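The values are calculated or read from the model by the stated rules, or taken from the named source; none is laboratory data. Predicted model only: the values in this text are computed from it and were never measured. Cβ coordinates were reconstructed from backbone atoms using ideal geometry, including for glycine residues, and neighbour counts include every protein chain displayed.
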Amino acid sequence: MEATMSIRFDKLRFVKRLQEANQPPEVAEAFAEALDEALEQSQSQLSTKTDIKELRTEFKQELAQLKVRLTASMYKMAGFILAGVGVLMGIMKFIN
């Protein structure tokens, strides 16, 4: 679902304005076409509100997954620490 935006302008008015400035009609029309294409190309890569909402949703999902993985890793580390302390206490008991 991709929405494209483009800036359109009144080519006829633009051509007439150039002709009033003593430009030949062919040159004025060529300028109008070139400007229209340039505006269309420059606007095609802009993000829309829908794009930003989709990005925000993806970001929230990734953040939630990261929180779950971080929590699981923290519990694993705590388990290893407790097991290590238990082993050390067992070794200390046998030594003394």
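Tabulated data
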item	result
Some residue of region 24-37 being among the β-branched types (Val, Ile, Thr), closer than 20 Å to Phe9 by Cβ and surrounded by 11 or more Cβ atoms within 10 Å (Cβ to Cβ)	yes
Failed condition for Met92, given (1) modelled with pLDDT of 90 or more; (2) surrounded by 10 or more Cβ atoms within 10 Å (Cβ to Cβ)	(2)
Any chance Glu20 is at pLDDT 80 or above, exposed (fewer than 10 other Cβ atoms within 10 Å of the Cβ) and at negative phi	yes
The listed residue being of a type in the set (Lys, Arg) and under 19 Å from the mean Cα position of the chain (by Cα), out of Lys67, Lys49, Lys93, Lys76	Lys49
